[in-house]
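S.K.: Sharing a structure with you now.
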Amino acid sequence: METILFRDIWLDDSEDALLAFIVGKSILDDDEDLNMIHRMAKDAMSIASPKAVCCIAEITARSSDWIEIEGIRITSPLVMHNLENTHRVFPYIATCGTELEAWSHNFSDPLEQYWADQVKLFYLGKIRSYMSDQIRKRFFPVGHMSSMNPGSLKEWPLTQQAVLFRILGNGAEDIGVALTDSFLMLPSKSSSGFFFSSKEAYENCQFCPILNCPGRRAPYKE
């Protein structure tokens with residue numbers, strides 16, 4: 001099973017782009033707040049090291065009740081349906097990085113904590129987008145590369161994060177990501193899932209009603 005690490009990657013993280021993401025649609029006219037955001041952005045850019053890991057995993061067996069990926073069984077009907085016409089998947093974990101996670105703990109003011117979270121989301125989005133582009137170019141030059149992740153829909157619950165971690169072996173440890181007893185990931189701004197080939201493009205976002213989610217990648221289908 002081939003594992004691909006994405007770290008020490010140069011990302012287009014201009015200060016203007018980061019500042020725009022932190023502020024969002026808010027209107028800030030307080031000089032103290034603006035100065036603080038600029039300082040936070042500069043500090044974050046100097047230490048940011050987002051990372052990702054992805055592997056090429058074979059679908060090793062399947063039945064009407066389950067599917068096995070590298071010998072690890074999944075019983076989700078949604079996963080079984082989405083993977084019925086493919087023989088491999090690309091499990092992944094992406095993270096803002098332990099460096100930004102540690103940095104974010106320096107802030108106790110609620111507003112500054114929010115800005116720090118926005119910084120981490122920005123870099124998570126950057127590394128996930130980079131990883132997705134690289135996987136698409138290498139393995140999906142034609143056709144659809146779809147994505148799904150545990151926890152977004154009840155048909156594939158958050159507890160299934162543990163399955164992805166098992167499939168990836170030491171991959172999570174290699175990029176500094178750990179799974180808690182409640183199946184949440186640390187650093188807090190991390191994401192997991194897998195890419196796969198499909199006849200039509202698929203994203204969990206299509207069936208998730210949280211319309212203002214910053215991680216939305218597809219329109220909601222009512």
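S.K.: Show that you can apply the helix-only estimate: for the chain, add -39,500 (n - 2.57) for every DSSP H stretch of four or more residues, divide by all residues, and state [θ] at 222 nm to the nearest 500.
M.R.: So the helix-based figure for the chain works out to -11000 deg cm²/dmol.
S.K.: Another one. Sorted from fewest to most neighbouring beta carbons within 10 Å, what does the list F6, F107 look like? Each step should come with its number before you reach the end.
M.R.: On the way: F6 19, F107 16.
The fewest-first ordering by Cβ neighbours comes to F107, F6.
S.K.: If we sort 78-86, 95-103 on the protection proxy, mean other Cβ atoms within 10 Å, highest first, what's the order? Before the final figure, lay out each step's value.
M.R.: Details: 78-86: 16.0, 95-103: 21.4.
Final packing ranking: 95-103, 78-86.
S.K.: Right, another one. As I understand it, the dipole of region 1-121 uses +1 on the Cβ of Lys and Arg and -1 on the Cβ of Asp and Glu, about the Cα centre. Which of S14, M1, W115 lies farthest toward its positive end?
M.R.: Selected residue: M1.
S.K.: Bin all alpha-carbon pair distances of region 110-149 at 10 Å intervals from 0 and give each bin's fraction as a whole percent.
M.R.: Calculated P(r), rounded to whole percents: 26, 36, 22, 13, 3.
S.K.: Write down the percent of antiparallel bridges among all DSSP beta bridges whose residues are both part of region 3-207, to the nearest 5.
M.R.: Roughly 95 percent of the DSSP beta bridges within region 3-207 come out antiparallel.
S.K.: How high is the relative contact order of the chain, in percent, counting Cα pairs under 8 Å that sit 6 or more residues apart?
M.R.: Result for the chain is 23 percent.
S.K.: Any idea what the dipole of region 3-207 comes to, in debye rounded to 20, about its Cα centre with Lys/Arg Cβ at +1 and Asp/Glu Cβ at -1?
M.R.: With only Lys, Arg, Asp and Glu charged at Cβ, the dipole is about 1020 debye.
S.K.: On to the next question. Would you compute, for the Cα atoms of region 59-121, the largest minus smallest coordinate along each principal axis and list the three values in descending order, in whole Å?
M.R.: 52, 19, 16
S.K.: Percent of Cα-Cα pairs more than 16 Å apart in region 1-73, please.
M.R.: Details: 1759 of 2628 pairs.
It works out to 67 percent of all Cα pairs.
S.K.: While we're looking at this one, here's another question. Can you give the log10 of the normalised intensity I(q)/I(0) at q = 0.15, 0.16 Å⁻¹, computed with Debye over equal Cα scatterers of the chain?
M.R.: Log-scaled intensity ratios, in q order: -1.01, -1.13.
Taken together, the values in this text are just the output of simple stated rules run on the coordinates, not laboratory data. Not measured: the values here are computed from a predicted model. As a convention, Cβ positions derive from the backbone with ideal geometry for all residues, glycine included, and neighbour counts pool all protein chains shown.
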